[in-house]
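The numbers here are math on the coordinates, done by the rules we state, and not lab data. Not measured: the values here are computed from a predicted model. Heads up, the Cβs are rebuilt from the backbone with ideal geometry, glycines too, and the neighbour counts pull from every protein chain shown.
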Amino acid sequence: MIYPFNAAEAFKMAISIEENGLEFYRKAAEQVGPGPVSDLFRQLAEEEKHHKSTFTDFLAKVKDEGPTVFDPDNETDAYLKMMADLHVFRQKPGAVAEALAAVKTPQDALKLAISFEKDSVIFFVELKAAVGQEADRLEVDKLILEEAGHIRKLARVYTKKI
């Protein structure tokens, strides 16, 4: 199968992931009600907003030459496309609202957030290959570390069984 794909498209996917993360954390913070989980979600929403800004800056730096023929035999490209398509909140429009409808407890919301962040880390590790400049790859590395830090923060709250 052939997909339209280039570096600009990869950054657009990353921006979409961050927008969905921002939406998730804002809505989940309201849904779980006041407390440490809501406070953490509000903090993570702000961080996702920052990440979106960073990827928007990356997108502005790359020349969007329009869709290119995507070679499904290129393992890195195929993996990146697959990870974006399967990302927990990119599967279809309204995926965030649908996922939140299944959340009944703060623990459910935390599990979903951890899944989102794990998907993001994997996607951003592969995205790094689409970044041309070494300085920009270092910035993507920072974002990867921040997303991994989100997992640790979420796990700390999750294990407290709040």
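Placing R0 at 22 angstrom, the Cβ-Cβ distance between K160 and R42 gives a FRET efficiency of 0.80 after rounding to 0.05. Taking the stretch 130-162 and a reference point 7 angstrom along Cα→Cβ of H50, the backbone N atoms nearer than 17 Å belong to 138-154.
Once both labels are positioned 7 Å from their Cα atoms along Cα-to-Cβ, the gap between A135 and K104 label points is 5.2 nm.
Structure note, pairs K61/K118; K128/K160; K61/K142; K27/K118: Cα-Cα distances above 25 angstrom occur for K61/K118; K128/K160.
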